[in-house]
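The structure appears right after this line, and notes come after that.
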Amino acid sequence: MAEGGMSINDEREYLKKLMRKAEEHCNGSTTDIVSTLYRNKPSSYFDDIRQNNNNIMEPYLKSKGGDPRCPINGKVKGLFFNVTLVDGTLPDKSPFGDTRVEVPLSEVFDDSANLYFADFYCKPHRRRGDVHITKRVHYVTLVLTDSGSDADSFCKTHLLKLDLCTNIYLTKHKLTYRSLDCSGVHVEVMYTNAIDMTGRDLISTGTLGQGQSIPGGIAKFVGCSTCNLGE
């Protein structure tokens, strides 16, 4: 029995419906050639890794953010990266922090990797009085694992495995990677292994909003018909 009283079959059926909602929303979109995953955090986060964790960025338990029925919430450890480009390039601002590290896709997404669909959601609008100050952005959450790992075994049971060449979110063809280019949709990738930061450049960027992640994550906005199933 899955968490929340759902059987694993019910859990997977729910995910299939959610993925269909994502595919319908992204229908007709194009793709961008991409080469890196990128992760923004406050500079203090990377300072702590260097000073106190032997320069190793360790996976941490997935928060309750996103869809409350997401099977990996509180169950799987990983590191969240983004892969979506803005106007063909990496964005110059982030809501998650003022410092960015980039990881080549060829380093983490090889022929031994598996890719899974985990979530499709949006967050509540931020408001200033009665005025919306951000347009609604949707997120597709993928999980990238090493085949045969503990995380991979969990994902194989609870998530939807994607074809590495034909899915619409992130594909691999030999050494060429492509990611979804759909206005208002960000593809985020939870990578389930640690990352050695030795020799990696840190890049300063601008910030949006608070400029850092909110502890515990932000729950899915239930009033959006695009990403909710009404169940």
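The values are calculated or read from the model by the stated rules, or taken from the named source; none is laboratory data. As the structure is a prediction and not an experimental result, all values here were calculated from the model. Counting neighbours? That spans all protein chains shown, and the Cβs are built from the backbone with ideal geometry, glycine included. Protein only, heavy atoms only, side chains kept; ligands, DNA and RNA dropped before computing areas. Shrake-Rupley method; radii C 1.70, N 1.55, O 1.52, S 1.80 Å.
So, in the range 175-205, exactly how many residues are among the small types (G, A, S) and either touching a Pro at 6+ places or on another chain (Cβ under 9 Å) or at pLDDT 95 or above (or both)? Don't jump to the end; show me each part of the working.
Our first condition is that a residue be among the small types (G, A, S); within the range 175-205, this holds for 179, 183-184, 194, 199, 204.
Next, only the ones that are either touching a Pro at 6+ places or on another chain (Cβ under 9 Å) or at pLDDT 95 or above (or both) stay: 179, 194, 199, 204.
Number of matching residues: 4.
Please go through the range 193-205 and give me each residue that is open to solvent by 20 Å² or more (accessible area, probe 1.4 Å) and in contact (Cβ under 8 Å) with a residue 12 or more places away in the chain, ordered by number.
Here is the first cut: in the range 193-205, the residues open to solvent by 20 Å² or more (accessible area, probe 1.4 Å) are 193-194, 196, 198-205.
If the condition is that a residue be open to solvent by 20 Å² or more (accessible area, probe 1.4 Å) and in contact (Cβ under 8 Å) with a residue 12 or more places away in the chain, then N193, A194, D196, T198, R200, D201, L202, I203, S204, T205 are the ones that fit.
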(message) Would you confirm, using the coordinates I've provided, whether I218 is of a type in the set (A, V, I, L, M), modelled with pLDDT of 95 or more and open to solvent by 30 Å² or more (accessible area, probe 1.4 Å)?
(response) no
(message) Can you pull out every residue in the range 131-150 that is modelled with pLDDT under 95 and in a strand (DSSP E or B)?
(response) V131, H132
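For the range 152-189, give me each residue that is among the aromatic types (F, W, Y) and either open to solvent by 10 Å² or more (accessible area, probe 1.4 Å) or over 15 Å from the mean Cα position of the chain (by Cα) (or both).
The first filter runs over the range 152-189 and keeps only residues among the aromatic types (F, W, Y), leaving 154, 169, 177.
Correct list: F154, Y177.
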(message) Conditions first: (1) in contact (Cβ under 8 Å) with a residue 12 or more places away in the chain; (2) open to solvent by less than 80 Å² (accessible area, probe 1.4 Å). I33 passes all but one, so which condition is the exception?
(response) (2)
(request) Filter the range 49-85 down to residues that are of a type outside the set (S, T, N, Q), under 21 Å from F221 (Cα atoms) and open to solvent by less than 50 Å² (accessible area, probe 1.4 Å), then give me how many there are. (result) 9
